[in-house]
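The values are calculated or read from the model by the stated rules, or taken from the named source; none is laboratory data. Values in this document were obtained by computation on a predicted structure and should not be read as measured data. Heads up, the Cβs are rebuilt from the backbone with ideal geometry, glycines too, and the neighbour counts pull from every protein chain shown.
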Amino acid sequence: MVSRPAPASAALPPMTGDGAPPGFDAFGRAVLEDVRDAVFLQDADGVLRWVNPAGRALAGGAEPRLHPAAESVTSGHVEVAGHRHPARLRALPGGWHSWTVTAGEIPQRHVGDFLAEAGPRLAGARGRHGTARVIAELAASALADTAFVLLPTTRGRWEWWSSERPSAHGHGRIRRVPPQVAPVLAAAFAATGKPRAAPVPETEVATLPSIVADRFAGHADVTVVSLDPGGGAGVTGVLLLGRRGDPDFGAEQGRAVAEFAKAAGTALANAQRYARQEEATRGLETTLRPADPPELAGARFETWYEPAGGVLAVGGDFFDVLPHEDGSAFLVLGDICGKGAEAAALTGRVRHALTALAMVERDGRTLLRLLNELLIAGGSSRFATLVLGTARPVDEGVELTLASGGHPAPLIVRRAGVVEEVTVPGTLVGISPQARFAEAAARLEPGDVLVLYTDGITEARNRHDQTELFGDDRLRRVLAAAAGEPAREVVRQLRQAVRDWLGNSAHDDIAVLAVECSN
């Protein structure tokens, strides 16, 4: 006789009346609930009908199989996930059978194994919410039948995450209980030393909000432990544990709880630290990321900004379009040597300096000279390449005045299909006090598009051959193919061509600013 699994709807049936063995009543079930031996009840058809808490702990969520011994009607084994546990087989009235795995035959869990399993899951959790949920799940899988994580939140409340065997989860917020009403809990929240589990009296459990108190009803033991990993990590929280039977780790249960609480508190501290860093990073990005260009009568702007991969979603490339009261606009696109946070920080200084200088100075050569002096005086070892100037819409066109500091030459995509280079000589910005800069004029006719770009375009590496660059010639061919299209389409086609070229390869910062004559 080999068992069949119980129906899904009968995982824990009432075991009274017609659905139970003859003579089995609530008293008999209550007794079996508390014994340390694992007990499995099987009906006359060989279907597993009921398992006590010790049996559920032995199964660990897997489906147990009951196998009688060929040579005996009083013994057999319970198979769980490929492991066989010797069992006593007893015939019950009505053709039912009980299978009992004695506590001595149930392998006791090892603290080290549990902590080794828990470590990667705690480390892989993301955010405060995800980490707290994982803590509750892990605690309920080994330390308790019911686990609650409580963390203080705003407006006099606790945020809670719960987990119960075999797989019930919960999350919400409840009112805080005053320290004088729940002194053991209050002491755990305030604890800062090595975590130690403390028993919570039934009277104190009853003072907790019903969502918590009701879950711990019927538990033989409720304890609380601080989640501060020690050393003032800034974590204020507790873990409530409720057990109905004997602890999984026997005499080592206290050490298992303390070590797990320390690891869980460290994971929470890391999650909170990461959240603060992420908030600061997002704030920094907001101030450094280029803003969308404004509307300008007679001219349309289109941009493409894609920093190299990294912690910050900003880099060393940048652009700005600043409108003047006379209807013209100040344009700048640049590239700070390097990438990442240091380049982004210098980018912010350059952009802020140019924004201030452009309010009082229109000559591009003078702007570059003043910026060059500022960078050298600042002592930075980094340099910049820039192209800047003024776009002034006029009747039937846009007049451009451009100055360059060692930057790739601006390109004009004529409506007729020709790509023209605007030759503007100039040296790198921030290298030498003797740097010299020049200025050039150009004009856009209706349908023409000016393209300013950084070398993240031309130096993009082929996904199949990292030695082959996108290059100037390929850039011109892509732009020529888009001639006559509006600036948005020109930039879209360029972006698609570069992305197809790169594939999944890494790339340098990329910035493109296109100006279309829309008169």
Positions within the stretch 169-187 being touching a Gly at 6+ places or on another chain (Cβ under 9 Å) and either of a type in the set (Phe, Trp, Tyr) or closer than 19 Å to Thr223 by Cβ (or both), in sequence order: none
Residue count, the stretch 317-333 (criterion: in a strand (DSSP E or B) and either of a type outside the set (Val, Ile, Thr) or at pLDDT below 85 (or both)): 10
Leading residue by the ranking (farthest from Leu400 (Cα to Cα)) among those in the stretch 334-383 that are among the basic types (Lys, Arg) and part of a helix (DSSP H, G or I): Arg349
Given (1) free of Cβ contacts under 8 Å to residues at least 24 places away in the same chain; (2) under 14 Å from Asp145 (Cβ atoms), index of the condition Gly242 fails: (1)
Residues of the stretch 131-174 that turn out to be basic (Lys, Arg) and within 24 Å of Asp246 (Cα to Cα), as a count: 1
Restricting the stretch 38-81 to residues that are of a type in the set (S, T, N, Q) and touching a Lys or Arg at 6+ places or on another chain (Cβ under 9 Å), the residue that is modelled with the highest pLDDT: Gln42
All positions within the stretch 491-519 that are under 16 Å from Ala391 (Cβ atoms) and in contact with a helix residue (DSSP H, G or I) (Cβ under 8 Å, 6 or more places away or on another chain): Val512, Ala514, Val515, Glu516
Boolean, Val394 is surrounded by fewer than 18 Cβ atoms within 10 Å (Cβ to Cβ), among the β-branched types (Val, Ile, Thr) and under 22 Å from Asn519 (Cα atoms): yes
Counted residues, the stretch 158-172 - those being closer than 17 Å to Thr207 by Cα and loosely packed, with under 15 Cβ neighbours inside 10 Å: 0
Qualifying residue in the stretch 406-424 (condition: of a type in the set (Ser, Thr, Tyr), assigned by TED's automatic domain parsing to the domain that holds Pro293, surrounded by 18 or more Cβ atoms within 10 Å (Cβ to Cβ) and closer than 19 Å to Val515 by Cβ): no
In the stretch 344-373, the residues that are touching an Asp or Glu at 6+ places or on another chain (Cβ under 8 Å) and of a type in the set (A, V, I, L, M): Leu354, Leu367, Leu370
Single match in Thr366, Thr347 (criterion: out of contact with any Cys (no Cβ under 6 Å at 6 or more places or on another chain) and modelled with pLDDT of 90 or more): Thr366
Close pairs (8 angstrom Cβ cut-off, 6 or more residues apart or separate chains): within 19 Å of Tyr305 (Cα to Cα) in the stretch 475-498, among the small types (Gly, Ala, Ser) and part of a helix (DSSP H, G or I) anywhere: Val478/Ala497; Gln493/Ala481
Strands (runs of 3 or more DSSP E) within the stretch 406-519 that include 3 or more residues modelled with pLDDT of 95 or more and within 37 Å of the chain's Cα centre (by Cα): 449-453, 510-517
Any hit, the stretch 385-403, residues being touching a helix residue (DSSP H, G or I) at 6+ places or on another chain (Cβ under 6 Å), at pLDDT below 95 and not in a strand (DSSP E or B): no
Residues that are acidic (Asp, Glu) and either surrounded by 12 or more Cβ atoms within 10 Å (Cβ to Cβ) or closer than 20 Å to Arg243 by Cα (or both), drawn from the stretch 26-50: Glu33, Asp34, Asp37, Asp43
